[in-house]
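The values are calculated or read from the model by the stated rules, or taken from the named source; none is laboratory data. Keep in mind that what you see is a predicted model, and the values were worked out from it rather than measured. Glycine also receives a Cβ, built like all others from the backbone with ideal geometry; neighbour counts cover every protein chain displayed.
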Amino acid sequence: MNLIKSILFVFLFVFVSSSTPLIAQNTYRWTDELELLKRVDKLPEYRTNSLVEQFSSYDRTGGNDDGFAGTYSFLRKEGDKLVIAEMEGPGVINRIWTPTPTDNMLYFYFDGQKEPGLKIKFSDLFSGKVYPFLKPVCGNEIGGFYCYIPITYKKSCKIVFDGPKLEFIQIQYRNLPGKKVVTFDGDPSQQHKSLIEDVNKLWADITPEVSGFTTGQSANVSTVEQSFTLKPGEEIPFFKQNQPGRIVGFTIDAGSSFEGIYKDVLLSATWDNESVEAIYAPVADFFGYAYGKGAMRGMLMGKQGAANYCYLPMPYDKSASMKLIYKKRADIEQTPISVNVKVYYNNHPRNVKEEGKLYTLWHREKPELGEFFKFLDMKGKGHYVGTIHQAQGLRAGMTLFFEGDDSTYVDNKMRLHGTGSEDYYNGGWYAVLDRWDRGNSLPLHGCLDYSLPMGRTGAYRFFLSDKMSFEKEIYHAMEHGEVRNNFPVDYTSIAFFYADRPLQSKMEPTDELRKVYLPREHVYFPQMMQFTPGGGMQIINERGIRMITKHKGEVRVMLNDVPEGKYRVLLNYYEKPNGADFQVWQRQKRLSDWISSKGGNPENRDGLQEGDIVLPDLNDPKREVRKDRVCVGEIQLTEQTNSLTFHVRNNNGADQFELDLLILERID
């Protein structure tokens, strides 16, 4: 018996001793998640059964009330507070976004506890004032407030908002099955502080280099550099390997040769002799150019100076090849392009069971009204890591197509539903000053461009800790329009994802699809006009541009963004009892005679034209008419003559000319 007991004792000792490290290894802390925000080398790794989902304030009726009323911004009320999210663990919150933060408190109740484990002002998730929610991992720009500091929980998490109303919100989280998760406590230990400093330093670097990403499986890089001249109709390989390895990053420098309305140079990459290219797209689209100009400058991809860069890891099993293809056109003269390429790679093979290969899907389409624009719709196992998107409206006017929500189905279940297109890109409030009003790049997201006269915008977003895994299939798409995809658009996108199987097909960038769309009508809205008053003119910018003068004055309006050409000038303006006289000039060239904007009594129908709209005045609801699309002349627009000047004179005490819209209509 003693022998048997001794054997059992030894067995138990060995078992416990050997199992203890396994338990320790399975312990998962919030710093493990934080590490993912700098460990780009881990991007190819699968996350089996760890699926991303989201609470958001989207309109459940299919309408466009995605937060204004606050109807869908909470799950239930508890007393005078709002429960805005409730997750069963183990899990982690990876992203919190809003364009409407307040100073109300947020309470995070972890693991069924009666007292909150985290109390913080909603606004301080983004202010950079409260540790560990520091900038730039948390912050705001382009109209949106975002937080990527992970918040882990062992069993559950309930988030409560201490206020009567919450507006727009997205809370993105994922389950962590099989992990012994340590609940977030915000411990400011030196080790934690050092890691946060490392992440913030990487995110804050506006001149990213490959050296920032050469760790783990991306370490020990070699460099291949090649310079060549690419002629129309040619294709030139610049990287080829016939052994396992991975590309850690690459740069392509061709000066300004990829700019312009023709996107005729394609980037092509093939892994392991697959029949369909893993990358096949116009270079300009791949690197986030916006309608002919370099625009994206993120942490992982973009253009810096003359060099285009990509630091997404690309593992392969047996071989890899990359090349540039210069598509030839019959109708225009194309010039040779001088190119310098650097590829950073190593010989670390892909772990087939644990890693996917990088694939991209280029897609340009004018989707039918009522149909979604699809970023990616595929079967297999993998994870989605990035979107670059150019959004062109096909109807002049406000960019209402960007009201469309993103929608993501993974393994036959809707996991994420957004609240608007700019919200998906961590932005908000398009056509509002210093919000979503121009291109601006941040580490993982940004606005590529915004132009009301051209009816276009664009954006990008990359996913690190919040990459969207799928086991069987994924459907990731974007609406276009306020409701039911009701706005005609021309959308171009590139989807970036890692997967366990090659692409089955690709879209060919034809001559037409490689050309930037140019609208024929351009509308200038008051809130985005660039104007300069002169001659003592007073300007009030409310519903329109109200020009007020005691005697005479001028206001110059810049006609930015619009291509050179011949245009008809149309005005929407208000006739009212205090309406002044006005003339329109293009620099020293007079377009119109004096036109009176005095009148507007709807009781007298004389002088009303078809299309005139009787409107209430700010002071007198019975005495105002809006004149629509009044032609005041034609102009030849160049870079030197891209302005109009309104001369305004007082008409017997009538001292105001109020411009609503300025419209340019192209003349062939």
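Points to keep in mind about this one:
- Positions within segment 203-223 being buried (at least 16 other Cβ atoms within 10 Å of the Cβ) and farther than 15 Å from Leu312 by Cβ, in sequence order: Trp203
- Strands (runs of 3 or more DSSP E) lying entirely in segment 354-393 (those with 2 or more residues that are aromatic (Phe, Trp, Tyr)): 357-365, 373-379
- Evaluation of Asp185 against (1) more than 23 Å from Ser50 (Cβ to Cβ); (2) modelled with pLDDT under 95 (one fails), failing number: (1)
- Remark: pairs (first residue in segment 269-282, among the acidic types (Asp, Glu); second residue in a loop (DSSP other than H, G, I, E, B); Cβ separation under 6 Å; 6+ apart in sequence or on different chains) = Asp272/Asp317; Asp272/Lys318; Asp272/Ser319; Glu274/Pro502.
- The residue that is nearest to Leu118 (Cα to Cα), among those in segment 170-190 that are buried (at least 21 other Cβ atoms within 10 Å of the Cβ) and of a type outside the set (Phe, Trp, Tyr), is Thr183.
- Enumeration of residues in segment 323-350 that are of a type in the set (A, V, I, L, M) and not in a loop (DSSP other than H, G, I, E, B): Leu324, Ile325, Ile337, Val339, Val341, Val343
- Of the residues making up segment 272-300, those that are surrounded by fewer than 24 Cβ atoms within 10 Å (Cβ to Cβ), assigned to a strand (DSSP E or B) and not aliphatic (A, V, I, L, M) are Tyr280, Lys293, Arg297.
- Residue within segment 413-421 that is touching a residue at least 40 places away in the same chain (Cβ under 8 Å), charged (D, E, K, R), more than 30 Å from Ile236 (Cα to Cα) and surrounded by 16 or more Cβ atoms within 10 Å (Cβ to Cβ) present: yes
- Flag if Pro315 is more than 30 Å from Asp490 (Cβ to Cβ) and buried (at least 23 other Cβ atoms within 10 Å of the Cβ): yes
The rows are residues; the columns are (1) touching a residue at least 60 places away in the same chain (Cβ under 8 Å); (2) in contact with a strand residue (DSSP E or B) (Cβ under 6 Å, 6 or more places away or on another chain); (3) under 30 Å from Asp561 (Cα atoms).
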| residue | (1), (2), (3) |
| --- | --- |
| Gly292 | yes, no, yes |
| Gly298 | yes, yes, yes |
| Asn308 | no, yes, yes |
| Pro313 | yes, yes, no |
| Lys328 | yes, no, yes |
| Gln334 | yes, no, yes |
| Lys342 | yes, yes, no |
| Tyr359 | yes, yes, no |
| Trp362 | yes, yes, yes |
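- Once segment 177-213 is narrowed to residues that are part of a helix (DSSP H, G or I) and among the basic types (Lys, Arg), the residue that is nearest to the chain's Cα centre (by Cα) is Lys201.
- Segment 623-668: number of residues that are more than 22 Å from Arg568 (Cβ to Cβ) and of a type in the set (S, T, N, Q): 4
- Pro232 falls short of the stated requirement of being assigned by TED's automatic domain parsing to the domain that holds Gln390, over 16 Å from Tyr311 (Cα atoms), out of contact with any Phe, Trp or Tyr (no Cβ under 9 Å at 6 or more places or on another chain) and surrounded by fewer than 18 Cβ atoms within 10 Å (Cβ to Cβ).
- Restricting segment 630-665 to residues that are touching a strand residue (DSSP E or B) at 6+ places or on another chain (Cβ under 6 Å), farther than 20 Å from Arg556 by Cβ and not hydrophobic (A, V, I, L, M, F, W, C), the residue that is modelled with the highest pLDDT: Glu665
- Test: residue in segment 567-581 that is among the hydrophobic types (A, V, I, L, M, F, W, C), in contact with a Lys or Arg (Cβ under 7 Å, 6 or more places away or on another chain) and part of a loop (DSSP other than H, G, I, E, B): yes
- Residues located in segment 537-555, provided they are at pLDDT 95 or above and among the small types (Gly, Ala, Ser): Gly553
- Asp581 meets each of the listed conditions (1) within 17 Å of Ala654 (Cα to Cα); (2) charged (D, E, K, R); (3) modelled with pLDDT under 95 apart from (3).
- Residue count for segment 33-59, restricted to those that are within 19 Å of Thr100 (Cβ to Cβ) and either more than 23 Å from the chain's Cα centre (by Cα) or not in a loop (DSSP other than H, G, I, E, B) (or both): 3
- Put simply, of Lys366, Lys328 the only residue that is at pLDDT 95 or above, surrounded by 12 or more Cβ atoms within 10 Å (Cβ to Cβ), in the same structural domain as Glu235 (by TED's automatic domain parsing) and more than 30 Å from the chain's Cα centre (by Cα) is Lys328.
- Checking the stated criteria, Asp511 turns out not to satisfy the condition of being among the acidic types (Asp, Glu) and in a strand (DSSP E or B).
- Residue in segment 547-554 that is among the acidic types (Asp, Glu) and touching a Ser or Thr at 6+ places or on another chain (Cβ under 8 Å) present: yes
- Being small (Gly, Ala, Ser), under 30 Å from Asn347 (Cβ atoms) and touching a Cys at 6+ places or on another chain (Cβ under 8 Å) is a property that Gly249 has.
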